[in-house]
Amino acid sequence: MKDRPSKTIILGMLFLSAGLWPVLAFSHTASNLYHQAVAAIHNKNLQQADSLLQQAIKEFPAFPEAHHLLGMVQYQRTQDPSQAIPALKQAVKLNPNFAQAQYDLGLLFLNQEHMKEAQHAIQQALTIYPGFWEARLTLAKFHDQRGETDQAITEYQMVLTQQPFASDALYHLAYQFMQNNNSPQAQELLERLTKHDPQHAEGWYLLGRLAEQQQRLNQAIEAYHHVLQNDPNHAEAHYNLGFLYQQQNEPQKAIEHFQQVTQLNPADAEAYFNLGVILVTQKQLDHAEEAYNKGLELQPDSMEGQFNVGAFYEFHKEDLEQAKNHYKKYLSLGGTDQRIQELMD
């Protein structure tokens, strides 16, 4: 079976939405320019928004919201954190209690892999506003990525006390519990996740893995089909379904899923080897030979692959010389099958 590593941890993404920015109470030319910039953002005119914010700051340099929004606009325009960080630094300098600006600054530092600065800024945001669950989720992922499991689990749990259906927190916490063999907790979290967010393919995938570990194979198959309903190109779900259908003696379904894997991931040698095994049982020897050879082309040092291909040539193609070539490689890789050793003497 194929396990899937924890879903890639995206520590934070900066999204620019006009609805996020505050409406300023004071009457000032700078305020009018700021509101015009917000309208320009709403109309997806970032260049105009940039110009308007620059004017607002010129009119009123001590305008933290304008500096913050300018930084966000500059990041969206350039995708270069170094272009945006100075404006966000100025925003938090002008208003150290500006939690959103602290958080966004932390995300930009993360983007640059400046981890110490990122952690400090995100923790500052949480100190200012302890209920800022998005910042806490990012901090949890930060600990997760660094292998600081206990801290990550604590932060994920705190996120869920504030936001019980936060999909990322449910998913990553369930994954951590699975890694720590806490299946009941993982099961509860994943059921909550997939009930609240039935399109969460990775949540269904973990449910499938958990069901397999507990030998609940029908439930695993059902979960993997939910994965494919939401993500038809999920290679690991196809692979695991192929393996399960192979176990349940449904070769045609197994073949279909392993073929999907080879199309989605042509470098997956194991899928070719498994496909070869099943094709042999279906007397499709030419297709099996093709699959086996492709697997060995990708992974020539596979001891199991060399053994299986040797057996294929010995017993199905009745080509002993070709079989011995593969058996010789099998033994050189550390194979210890006594019959093969005697055959090669």
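The values are calculated or read from the model by the stated rules, or taken from the named source; none is laboratory data. This structure is a prediction, so every number in the text was calculated from the model and none was measured. Cβ coordinates were reconstructed from backbone atoms using ideal geometry, including for glycine residues, and neighbour counts include every protein chain displayed.
The table that follows gives values for the structure above.
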read-out	value
Residue in the range 56-66 that is in contact (Cβ under 8 Å) with a residue 40 or more places away in the chain and either at negative phi or crowded, with 23+ Cβ neighbours inside 10 Å (or both) present	yes
Cβ pairs under 7 Å, 6+ apart, first in the range 145-156 and more than 14 Å from GLN179 (Cβ to Cβ), second of a type outside the set (Gly, Ala, Ser) and in a helix (DSSP H, G or I)	GLN151/HIS143; GLU155/ARG136; GLU155/LEU139; GLU155/HIS143
The lone exception for GLN215 - which of (1) of a type outside the set (Lys, Arg); (2) in a loop (DSSP other than H, G, I, E, B); (3) touching a Ser or Thr at 6+ places or on another chain (Cβ under 8 Å) it fails	(3)
When residues of the range 95-133 are limited to those that are outside any helix (DSSP H, G or I), out of contact with any helix residue (DSSP H, G or I) (no Cβ under 7 Å at 6 or more places or on another chain) and of a type outside the set (Asp, Glu), the one farthest from GLN162 (Cα to Cα)	HIS114
Residue match in the range 280-288 (condition: hydroxyl-bearing (Ser, Thr, Tyr), within 18 Å of GLN246 (Cα to Cα) and surrounded by fewer than 19 Cβ atoms within 10 Å (Cβ to Cβ))	yes
Which numbered condition LYS116 misses (of (1) buried (at least 18 other Cβ atoms within 10 Å of the Cβ); (2) closer than 30 Å to GLU65 by Cα)	(1)
Any chance GLU65 is of a type outside the set (Gly, Ala, Ser) and either within 20 Å of GLN100 (Cβ to Cβ) or at pLDDT 95 or above (or both)	yes
Search result, residues across the range 160-205 that are under 19 Å from the mean Cα position of the chain (by Cα) and of a type in the set (S, T, N, Q)	SER167, GLN176, GLN179, THR194, GLN199
Every residue from the range 77-113 that is among the polar types (S, T, N, Q) and either over 28 Å from the mean Cα position of the chain (by Cα) or buried (at least 20 other Cβ atoms within 10 Å of the Cβ) (or both)	GLN90, ASN95, ASN97, GLN100, GLN102, ASN111
